[in-house]
Each structure stands twice: as structure tokens, then as C-alpha cells.
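In what follows, a single structure is set out as C-alpha cells and then discussed.
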Amino acid sequence: GAVVSQHPSRVICKSGTSVKIECRSLDFQATTMFWYRQFPKKSLMLMATSNEGSKATYEQGVEKDKFLINHASLTLSTLTVTSAHPEDSSFYICSARSPQHQNQPQHFGDGTRLSIL
Amino acid sequence: QKEVEQDPGPLSVPEGAIVSLNCTYSNSAFQYFMWYRQYSRKGPELLMYTYSSGNKEDGRFTAQVDKSSKYISLFIRDSQPSDSATYLCAMSGGTGGFKTIFGAGTRLFVKA
């Protein structure tokens, strides 16, 4: 069964709206979660690494004020797309990895398809 | 040069064929190798996970790692239409640390 749950799976909203996406690890406590963005027929693009109890680490070119990440507990990380615009429309996917085994593979959520009108 | 190279395809095969998917990489320090399957509009699903060189088999799937050539493969035997998906290779470890590097993904179509 799924070890990472992501919600919602689909969001359609107007330009200027802020959208929150949740990522939960179900079977283990995840001190680190990852947020990816994926364009159609393209691979995963790492946006940021979410660290429980501390600030997220953003990849180069990703606006931290635009994509707010909060990792308030060992099982929940949230990504908020602030004042979303049509160019933010994309497929957003989170993943988590067990902290006891940092070279263990990541497990992914089912993604959130965001459409900004 | 990208750290991980993967042919995006698409690759189209008839049902029952043996499928070979491959990735090459440049960082010789990678030690952990993974294959993920991603269906359309879904998150990637872990298929195979191997450490260092060698083979690993799970049902119809076989993963091979050749560290001397910096080459990894995923073989799918008796391919089924339900295997139609995008397959992503991934790797981590060594001097790359715990960061996972993904290939671009290969789109596979298995025709009935």
C-alpha cells in the first residue's frame, strides 16, 4: 500500500489564489521530504528539500517566497503556492525517505495536478 | 554532460516482448540504483532497488548494474499492456551524498 499520501490530487483555481498541498508519510517518520515539479512528458525537477523543524533548502532558481514549505511534524510537509498564476500550473509531487536509512529509496505521493485559470 | 543519461523514447513493443531499458551515468561514486515506474498523472512507484554491482530479479523484472561501465539496465520479460508507463532510473550515494539523481525517463508502450 501507499507509504506517502498527497492531497489534494487535483486543484483548479483562479489566478491570485494561494494553494496548499499536503504530503504525509504513513508508515514512517520522515525528517526529510522532497518536493518536485513535473512538466508534461518531462522528468522530475527537484524544487526543495523539506527538513522537519528547520527551514527548507531550495534548489537554484526556485523562489522561496513563491513556494512556501512547512515541515511542522515528522509525518507532514506542506507546500503553499502563493498568489498562483497560470505559469505555476504543473504537476507537483512530494516524496519521503526513512531517516534511519538515508540511502534507502524515496517513496512518492500520487501528485497534485494544479491548474491556474 | 548530465550526471544521468536516459533515452526518453518512446519505445513501442508488442505484447510478450522482452524490454530493455538503460541508463548511463558519469559519477563513479554512485552506489545505490533504483528504477521507478510512473503511470500517467500518478507519482513514481518504486520497482527495483539495488546496491553496487550485480543483478536483482523480482518476478518479470530484472535490474542489472555494471559499475565498471557506469551502466544500469531494467529488463521486463513477457511485457504486458499494463507495463505501458514511463520508467525512470535513479541513483544516489558516494560523493553525491544522499541526493537522488533521476534520469529523464523512458516512455514505454506495449501493444496488445
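When the residues of the range B:34-46 are narrowed to those that are crowded, with 16+ Cβ neighbours inside 10 Å and basic (Lys, Arg), which ends up nearest to B:Leu88 (Cα to Cα)?
In this case the residue turns out to be B:Arg37.
Regarding A:Ser50, is this residue more than 16 Å from B:Gln38 (Cα to Cα), touching a residue at least 60 places away in the same chain (Cβ under 8 Å) and in contact with a His (Cβ under 6 Å, 6 or more places away or on another chain)?
Taking the combined requirement at face value, the residue does not satisfy it.
I'd like to check something: does the range B:81-100 contain any residue that is closer than 23 Å to B:Lys2 by Cβ and more than 14 Å from every other protein chain (Cβ to nearest Cβ)?
The initial filter retains those residues of the range B:81-100 that are closer than 23 Å to B:Lys2 by Cβ, namely B:85-100.
Filter once more, keeping what is more than 14 Å from every other protein chain (Cβ to nearest Cβ): none.
Taking every residue of the range B:81-100 in turn, none turns out to be closer than 23 Å to B:Lys2 by Cβ and more than 14 Å from every other protein chain (Cβ to nearest Cβ).
Does B:Ser40 meet the test of being within 14 Å of chain A (Cβ to nearest Cβ) and modelled with pLDDT of 90 or more?
Details: within 14 Å of chain A (Cβ to nearest Cβ): yes; modelled with pLDDT of 90 or more: yes.
So B:Ser40 fits the description; yes.
Report, ordered by the first and then the second residue, all pairs with beta carbons closer than 8 Å, sequence separation of six or more or different chains, a first member in the range A:87-112 that is at the interface with another protein chain (Cβ under 7 Å from one of its Cβ atoms), and a second member that is part of a loop (DSSP other than H, G, I, E, B) and at pLDDT below 85.
Listed pairs, sorted by first residue: A:Gln102/B:Phe98; A:Asn103/B:Gly93; A:Asn103/B:Phe98; A:Gly109/A:Ala2; A:Asp110/A:Ala2.
Looking at (1) within 29 Å of B:Glu5 (Cα to Cα); (2) small (Gly, Ala, Ser); (3) in a strand (DSSP E or B), which is the only condition A:Ser5 fails?
(1)
Out of all the residues in the range B:40-89, which are of a type in the set (D, E, K, R) and touching a residue at least 40 places away in the same chain (Cβ under 8 Å)? Before the answer, list the steps.
As a first pass, look at the range B:40-89 and keep what is of a type in the set (D, E, K, R): B:41-42, B:45, B:56-58, B:60, B:66-67, B:70, B:77-78, B:83.
B:Lys70, B:Arg77, B:Asp78, B:Asp83, listed by residue number.
Just name the residue that is farthest from A:Leu117 (Cα to Cα) out of those in the range A:8-40 that are aliphatic (A, V, I, L, M) and in a strand (DSSP E or B).
Initially, the range A:8-40 is screened for residues aliphatic (A, V, I, L, M), giving A:11-12, A:19, A:21, A:26, A:30, A:33.
Next, from what is left, pick out any that are in a strand (DSSP E or B): A:11-12, A:19, A:21, A:33.
Numbers: A:Val11: 11, A:Ile12: 7, A:Val19: 13, A:Ile21: 18, A:Met33: 29 Å.
If we take residues in the range A:8-40 being aliphatic (A, V, I, L, M) and in a strand (DSSP E or B), then A:Met33 is farthest from A:Leu117 (Cα to Cα).
Looking at B:Pro81 and the list (1) more than 22 Å from A:Lys41 (Cα to Cα); (2) in contact with a Lys or Arg (Cβ under 8 Å, 6 or more places away or on another chain), which single condition is not satisfied?
(1)
Yes or no, residue by residue, for (1) buried (at least 17 other Cβ atoms within 10 Å of the Cβ); (2) of a type outside the set (D, E, K, R); (3) under 29 Å from A:His7 (Cα atoms); (4) within 10 Å of the chain's Cα centre (by Cα):
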site: B:Leu21; (1), (2), (3), (4): yes, yes, no, yes
site: B:Ala29; (1), (2), (3), (4): no, yes, no, no
site: B:Tyr32; (1), (2), (3), (4): yes, yes, no, no
site: B:Thr50; (1), (2), (3), (4): yes, yes, no, no
site: B:Gly59; (1), (2), (3), (4): no, yes, no, no
site: B:Tyr71; (1), (2), (3), (4): no, yes, no, no
site: B:Lys99; (1), (2), (3), (4): no, no, yes, no
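Anything in the range A:41-60 that is within 12 Å of chain B (Cβ to nearest Cβ) and assigned to a loop (DSSP other than H, G, I, E, B)? List them, or say none. Spell out how you get there, then give the answer.
Our first condition is that a residue be within 12 Å of chain B (Cβ to nearest Cβ); within the range A:41-60, this holds for A:41-46, A:49, A:57, A:59.
Scanning the range A:41-60 gives A:Lys41, A:Lys42, A:Ser43, A:Glu59.
The values are calculated or read from the model by the stated rules, or taken from the named source; none is laboratory data. Here the structure is a predicted model, which is why all the values come from computation and not from measurement. Here the Cβ is made from the backbone with ideal geometry for all residues, glycine too, and neighbour counts use every protein chain on show.
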